[in-house]
Amino acid sequence: MPNQRAEGQKLLTLPVDEHFILAIDKNLPKAGYSNRSQFIRDAIVEKMATAGVKMPKEFTLAPSRIHPPKSKAEVAKLKAAIAARIEANSKRTPGYLNRAKSAAAKVVGSKK
């Protein structure tokens, strides 16, 4: 759902030089990323960690734009979509798979 946010989800905007954005975008694949937002989320959490600030690893996952599932069929469909996304992204960064599984379990209300 483009331009729609789930409850509690906020958009972070900041001004940066055009050339900086171009350099980031050009080098995302080299860093193992396919989108700028995920790279920025990971970078913020990593920078906070180097400053000694612990943040939940789930913060690095893209916020959900969907509402909680209402039926068993919706839960099954959501689990399948999450599994596909985790598989597609698991090779991107060390530890991503464990963070994603943990967050997915919270979303669908299961333990694993």
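Taking label positions 7 Å along the Cα-Cβ direction at both Ala49 and Val75, the computed distance is 3.2 nm, reported to one decimal.
Note on Lys30 and Lys10: their simple-model spin labels are 3.4 nm apart, each label 7 Å out from Cα toward Cβ. Here each label is just a point 7 Å from Cα along the line to Cβ, and for Ala23 and Ser37 those points are 2.5 nm apart. The listed peptides 8-14, 32-38, ordered by packing as a protection proxy, come out as 32-38, 8-14 (highest mean of other Cβ atoms within 10 Å first).
Here, each number is a calculation from the coordinates, and none is a lab measurement. In this text, all values refer to a predicted model and were calculated from it rather than measured experimentally. Cβ coordinates were reconstructed from backbone atoms using ideal geometry, including for glycine residues, and neighbour counts include every protein chain displayed.
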